[in-house]
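Data first, discussion second: the structure below is written as structure tokens.
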Amino acid sequence: MSGRTVHGAIILLVMGNFLALLSDTLIKAQGGDIPVFQFVLMRKLCTLALLLPLIRFVNFRQPLAGFAIHAIRAHLGLVGVTCMVIALNNLPLATANALFYAAPVLVMVLAVIFYGEKLTWLSLLAVVSGFAGILVILQPVALNWQSLTALVTALSLAIGALLVRKLPKDQHLIHTMLLIHVIALPAAVALFLWEGAPIDWSMLPTALGSSFFILGYNMTVILAYRHVAANQVTSAEYTGLIWAILLGWILFAEAPDIWFIVGAVMIVGPLFLVSQRERKAHLARRQLAQAGP
């Protein structure tokens, strides 16, 4: 694997995380006084509309393969997106994104519980430091339900990531994404009807833009990881927090305080070290394999 390939993958991930932050920025810019469930439904319909031209990748001979896992992930995603919208509309952009980074920390913990994986000392440091960093950012004396919604988003992302292992191995990503959004649609419609707010078409451009940028992020991730081992480039994902700080500062005049900076370093720093250690271990194994017996 050439260095050029790795560098290209890193550039793709940096760009992808910027696209994801553009989605977050659009959601935050529309303000918090919106019917949340209506916006979530609009976003899902926009995502389906953008995915429909790619329907040729759906395996119609086994359209519902892995349905049970898809259903769990679909409804977890619905909860996660709803909480994400609430968090973005009530917390500084960088703070919300820093709390979203609890997801990889939670993945480590839940993988131990559900898959019996072992934590290295560095992974354990990432877990302890990550949870401590969350407390530093939130400052429990000022804890509110908006902050908790960001953590619910992180938890839904973590569980969804772990359940990916249970999906059919040969199922195309487009098939998976379409199926998840279709399965979640009845619940999204039910929540929209329960909310009972009059339809606000002014949210449609934001919903469409958010869907477009998130799909762009997903595509860059696919391209980045297609030919490169994940542990070689995963650390580039953490540039999302840098984008969040910059966009929050430029667009919303949100200057991060010292508590945020310390907490963000405590969350992201050990994760970066874990990624770098895995990358070095992978390179060492590859060199040994190339050297032969």
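For this structure, a couple of remarks:
- Verdict on residue 196 being on the phi > 0 side of the Ramachandran plot and surrounded by fewer than 19 Cβ atoms within 10 Å (Cβ to Cβ): yes
- Considering only residues in region 106-129 that are over 16 Å from residue 277 (Cβ atoms) and in contact (Cβ under 8 Å) with a residue 12 or more places away in the chain, the one that is surrounded by the fewest Cβ atoms within 10 Å (Cβ to Cβ) turns out to be 115.
- Screening residue 23 against (1) surrounded by fewer than 17 Cβ atoms within 10 Å (Cβ to Cβ); (2) modelled with pLDDT of 90 or more leaves a single unmet condition, (1).
- Residue in region 50-79 that is farthest from residue 180 (Cα to Cα), counting only those that are hydrophobic (A, V, I, L, M, F, W, C) and outside any helix (DSSP H, G or I): 60
- Boolean, residue 85 is among the β-branched types (Val, Ile, Thr) and crowded, with 22+ Cβ neighbours inside 10 Å: yes
- Here residue 169 clears all of (1) touching a residue at least 60 places away in the same chain (Cβ under 8 Å); (2) outside any helix (DSSP H, G or I) except the condition numbered (1).
- Summed over region 99-141, the residues that are over 20 Å from residue 160 (Cα atoms) and among the acidic types (Asp, Glu) give a count of 0.
- Some residue of region 113-125 being in contact with a Pro (Cβ under 8 Å, 6 or more places away or on another chain) and farther than 25 Å from residue 258 by Cβ: yes
- Filtered by the rule that a residue be among the aliphatic types (A, V, I, L, M), surrounded by fewer than 17 Cβ atoms within 10 Å (Cβ to Cβ) and within 17 Å of residue 249 (Cα to Cα), region 26-60 gives a lone residue, 29.
- Which numbered condition residue 78 fails, given (1) within 15 Å of residue 213 (Cβ to Cβ); (2) crowded, with 22+ Cβ neighbours inside 10 Å; (3) within 16 Å of the chain's Cα centre (by Cα): (1)
- Test: residue in region 14-34 that is over 24 Å from residue 103 (Cβ atoms), in contact with a Pro (Cβ under 8 Å, 6 or more places away or on another chain) and either touching a residue at least 12 places away in the same chain (Cβ under 8 Å) or outside any helix (DSSP H, G or I) (or both): no
The values are calculated or read from the model by the stated rules, or taken from the named source; none is laboratory data. Given the structure is predicted, the values throughout are model-derived calculations rather than measurements. Here Cβ is always computed from backbone atoms with ideal geometry, including for glycine, and neighbour counts include all displayed protein chains.
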